[in-house]
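Right, one structure below, let's go through it.
The values are calculated or read from the model by the stated rules, or taken from the named source; none is laboratory data. These numbers were taken from a predicted model, which means no experiment stands behind them. With ideal geometry, Cβ positions are generated from the backbone for all residues, glycine too; neighbour counts draw on all protein chains shown.
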Amino acid sequence: MQEKGIRRDPSFFDRSQNDVITADEMKAVDLNCHYLGIDPSVLMENAGAAVASEILSEAASLKCGGSFSENGYDRDRIRVLLFAGRGNNGGDAFVAARHLSSVPGIDVSVIAPERPLIRTEEAGRNDDLLKFCPVSVVRCDADRETISSLLSAADIIVDGILGTGIRGKARGAEREMISLILEERRKRPDVRIISIDIPSGMPSGAGGDVCPPEGSCIISADTTVTFHKMKTFLKTPQAARYAGKVVVSGIGILPAAETFTGPGHLRLLHARRSSDHKGCSGSVLVIGGGPYTGAPFLAASAALRSGADVVRVLTPETAAGIIASFSPDLIVTALPSGKDHLCPDDVPFILPSVRSADSVIIGPGLGNHPETIEAVSGILPFCRKAVIDADALRPEIFSGISRSGETRPQMILTPHSGEFARLAAMLPAPNDTASNGTETNDTVSNNAAANDTEKIRLLAAKTGAVILKKGAVDTISDGGRIRFNSTGNPGMNVGGTGDILSGIAGALLASNDAFEAAACAAFINGSAGDLASAVKGPVFTATDVLAEIPAVFRKYFRKRREQKDSVHRAFTA
């Protein structure tokens, strides 16, 4: 993430908006940390150390409780058995084992998959490091008698088999390992079990139901060590049966990984599947043009480059031929009134297209004729989803929405500073507090930024829209959540880049939540501008930015793999 334009304003890094996080959001935060410069192995090291600390606390309580003599155990030594999967949960278990191996009085054993089956580089490295530690590593293809004997001797069992990526029930060798642990629990109800992040086999909501189906094979833990924040799936009544006491451990997640949009957030967006057909990624309608022809072209072209399957432009007759000549990819239709601007007479013709579109972009190049504003007010109530930009960003358009009996559309407003000031007139006057004369320049700047952020949040709450205020640091709010974006550069002050942003937002909005669509659109637009700057230098045009959108998608979006029976099999069958 670039530092340009980022003031050290505490509001930029306030992640207290939520004290819980979903499994998918946590994956996004992990990826954003990597993007910001924290290697995944650092987070794994911190997570494994947190698990080791909890194991040592459990070991201390066992020693104090004197629960070994009745089972014939040596009271001076505690045997810890860790089960490691092939993903990052397994990597956390390897790190925990390494930390424990240097603690006097702890005997450490690990059940691990064969080295080639370990999925991530950092987990594999931590598996390799155990060769240099006094740790007994038994591979999963060992005979079951060996594994059973280790289980029966263990004082503490650590479950690092499956993480939050599981879909459906555990199967194959994973299920077998979970079953062995559960069988040991039945034999010895007092054996201590600690799960890493989530009890293995329990759905996390990442593509599945958080309510475990009847007959599920799920670890029943005494303690679950989860990382960074409480997970939503661990707060459900069903989860309480399996998770036991939940310990939340910090692992050094950067606040900006949550408060600033990054590549991880892009992974939360709808992704194309090989089974998709035309229309699955949405149809976008652009209503714009008249006085200006470039703006609707840029918005429509950006929507196509951002994944929309079909993009149609409705524009006054005087602009239609010009816009159509720019690109054969666009479907351009002239409005029937024959005027050189959008007018109320065009609205009946437009409404069927509005109702059938997955999202509508309205505003680019429209001009400010009074008839145009009246027409916009008549169109918006019939949109399901809308991106409102440029000339359409006027307070009076919301009166039509509030009077309409139609369901309020999901809206994204994309004002620059001047347009935002016009919209902010809808808000009550602030209660300014007098200065005491002791503020530094940094304090004044920080206070101004915080006030601006609060205004954006209040305007979003009042309009029921997501506000994406463009600037050196973009600010996005839906009235509750707040996110920032720092991609982009001063070269993007050139005309037309805002129209491109609207097009990207419209394409993403067609199949996504408005808040995530707006935040990710800002990131993609700024990233395309950064690539344009890298190629062209500090001075470039909007079409240079448009040309770089595919490169941003290629860099940050992965092809969604088809889910097959073999996915998430942590061990050889």
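Residue check: is residue 488 under 17 Å from the mean Cα position of the chain (by Cα) and not in a helix (DSSP H, G or I)? Reasoning before the result, please.
Working: under 17 Å from the mean Cα position of the chain (by Cα): no; not in a helix (DSSP H, G or I): yes.
No.
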*asked:* Between 245, 235, which is surrounded by fewer than 20 Cβ atoms within 10 Å (Cβ to Cβ) and under 26 Å from the mean Cα position of the chain (by Cα)?
replied: 235
*Can you list the helices (runs of 4 or more DSSP H) found entirely within segment 67-162 that contain at least 3 residues being modelled with pLDDT under 95 and either in contact with a Phe, Trp or Tyr (Cβ under 9 Å, 6 or more places away or on another chain) or surrounded by fewer than 18 Cβ atoms within 10 Å (Cβ to Cβ) (or both)?*
144-153
*Which residues, counting only those in segment 210-232, are modelled with pLDDT of 90 or more and under 21 Å from the mean Cα position of the chain (by Cα)?*
226, 227, 228, 229, 230, 231, 232
*Only residues that are free of Cβ contacts under 8 Å to residues at least 24 places away in the same chain and acidic (Asp, Glu): list them for segment 295-329, please.*
317
*Residue check, residue 470 among the basic types (Lys, Arg), under 24 Å from the mean Cα position of the chain (by Cα) and crowded, with 19+ Cβ neighbours inside 10 Å*: yes
*Go through segment 366-383 and give me each residue that's polar (S, T, N, Q) and in contact (Cβ under 8 Å) with a residue 40 or more places away in the chain.*
372
*Yes or no: residue 465 at pLDDT 95 or above, more than 20 Å from residue 422 (Cα to Cα) and either buried (at least 16 other Cβ atoms within 10 Å of the Cβ) or outside the structural domain of residue 538 (by TED's automatic domain parsing) (or both)?*
no
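Going by the conditions given, is residue 300 part of a helix (DSSP H, G or I), crowded, with 19+ Cβ neighbours inside 10 Å, aliphatic (A, V, I, L, M) and at pLDDT below 95? Before you say what the answer is, go through the steps one by one.
Working: part of a helix (DSSP H, G or I): yes; crowded, with 19+ Cβ neighbours inside 10 Å: yes; aliphatic (A, V, I, L, M): yes; at pLDDT below 95: no.
No: the conditions fail for residue 300.
Here is a yes/no grid of residues against (1) at pLDDT below 95; (2) within 14 Å of residue 317 (Cα to Cα):
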{"position": "349", "(1), (2)": "no, yes"}
{"position": "356", "(1), (2)": "no, no"}
{"position": "362", "(1), (2)": "no, no"}
{"position": "390", "(1), (2)": "yes, no"}
{"position": "393", "(1), (2)": "no, no"}
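Pick from segment 171-190 the residues that are part of a helix (DSSP H, G or I) and among the acidic types (Asp, Glu): which of them is surrounded by the most Cβ atoms within 10 Å (Cβ to Cβ)? Please lay out each step first, then the result.
The first filter runs over segment 171-190 and keeps only residues part of a helix (DSSP H, G or I), leaving 172-187.
If we keep only those that are among the acidic types (Asp, Glu) as well, we get 174, 176, 183-184.
Details: 174: 26, 176: 16, 183: 12, 184: 19.
The extreme case among them is 174.
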